[in-house]
Amino acid sequence: PFRVLDTDASLFFTLARGNIYDSRQRDLDALQTYAEALAIAESLPESHPGRALALSCLGSVCYYAGNMLVALKCFDKALTLRESV
């Protein structure tokens with residue numbers, strides 16, 4: 001029978017796909033995939049490390065794409081989430 005992934009597994013595989021796109025310098029695909037990962041992560045508790053990880057990955061691809069302001073906001077929010085744990 002078909003088994004649906006739980007939220008943690010879905011987040012893991014979505015971040016992994018984003019990492020592959022990022023490593024191939026496919027910034028738009030990485031950006032879209034990390035945004036998808038962030039949407040998944042936002043369904044998890046704020047204390048879940050996946051939320052900060054998704055923001056950090058999104059911030060990284062924004063940085064390399066030249067969008068410094070969005071990157072900084074992502075990193076700041078990720079740091080705030082991790083410090084509040």
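Across the stretch 23-42, the qualifying residues are those that are surrounded by 20 or more Cβ atoms within 10 Å (Cβ to Cβ) and of a type outside the set (A, V, I, L, M), and the one among them that is farthest from Val70 (Cα to Cα) is Thr33. Looking at Ala30, Ala54, which one is in contact (Cβ under 8 Å) with a residue 12 or more places away in the chain and in contact with a Leu (Cβ under 7 Å, 6 or more places away or on another chain)? Answer to the check: Ala54. Taken together, the residues in the stretch 43-66 that are over 21 Å from Ile20 (Cβ atoms) and of a type in the set (S, T, N, Q) amount to 2. Would it be correct to say that Phe75 is surrounded by fewer than 16 Cβ atoms within 10 Å (Cβ to Cβ) and in a helix (DSSP H, G or I)? In short, no.
Beta carbons closer than 9 Å, at least 6 apart along the sequence or on distinct chains, pair a first residue in the stretch 6-17 that is over 10 Å from Ala41 (Cβ atoms) with a second that is of a type outside the set (Val, Ile, Thr) and exposed (fewer than 13 other Cβ atoms within 10 Å of the Cβ) for Phe12/Leu5; Phe13/Leu5.
Coordinate-derived values only; no laboratory data. Every value quoted in this text rests on a predicted model; they were computed, and no experiment measured them. In this analysis, Cβ positions are derived from the backbone assuming ideal geometry, glycine residues included, and neighbour counts consider all displayed protein chains.
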